[in-house]
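The values are calculated or read from the model by the stated rules, or taken from the named source; none is laboratory data. Note that the structure is predicted; figures quoted are calculated from it, not measured. So basically every Cβ, Gly included, is an ideal-geometry build from the backbone, and we count neighbours across all protein chains shown. Surface areas here come from the heavy atoms of the whole protein model, side chains and all, with no ligands, DNA or RNA. Shrake-Rupley method; radii C 1.70, N 1.55, O 1.52, S 1.80 Å.
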Amino acid sequence: EHVASALGALPEEFRVVCTLYFMEDLAYQEIADILGLPVGTVRSRLHRGRKMLQKRLWKVAQDQGIVRARSALETTGAGTDA
């Protein structure tokens with residue numbers, strides 16, 4: 001449910017590519033042929049769409065307590081012994 005919602009919220013050019021890749025299990029070249037796009041464009045849209053999905057689903061996981069929110073110190077790297 002959350003994955004479908006996150007997928008549906010993507011801008012159309014990313015949603016179409018991600019849907020064909022993740023839901024229909026098509027190869028890059030097949031997606032490129034269907035959409036009339038260069039394979040490089042498919043790869044780029046899939047990469048960017050995957051990042052958008054990751055952010056959206058991470059937020060859902062935080063809201064549901066599956067993962068904990070990162071503190072400001074964790075996100076900046078401050079206060080760590082490196």
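The table below gives the values:
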| read-out | value |
| --- | --- |
| Extended-chain gain in nm, criterion 0.36 nm per residue less alpha-carbon gap, Gln64 and Ser44 | 4.2 nm |
| Pair Gln54, Ala27: separation of 7 Å Cα→Cβ label points (nm) | 2.5 nm |
| Solvent exposure of region 1-54 as accessible area per residue, Å², 1.4 Å probe | 63 Å² |
| The chain: calculated mean residue ellipticity at 222 nm from DSSP helix runs of at least 4, using -39500 (n - 2.57) | -19000 deg cm²/dmol |
| Portion, in percent, of the accessible area of region 9-51 that falls on carbon or sulfur, probe 1.4 Å | 50 percent |
| Dipole in debye (nearest 20) - the chain, about Cα centre, beta carbon charges: Lys, Arg +1; Asp, Glu -1 | 320 debye |
| Point-to-point label distance, Leu35-Glu12, nm (Cα→Cβ direction, 7 Å offset) | 1.3 nm |
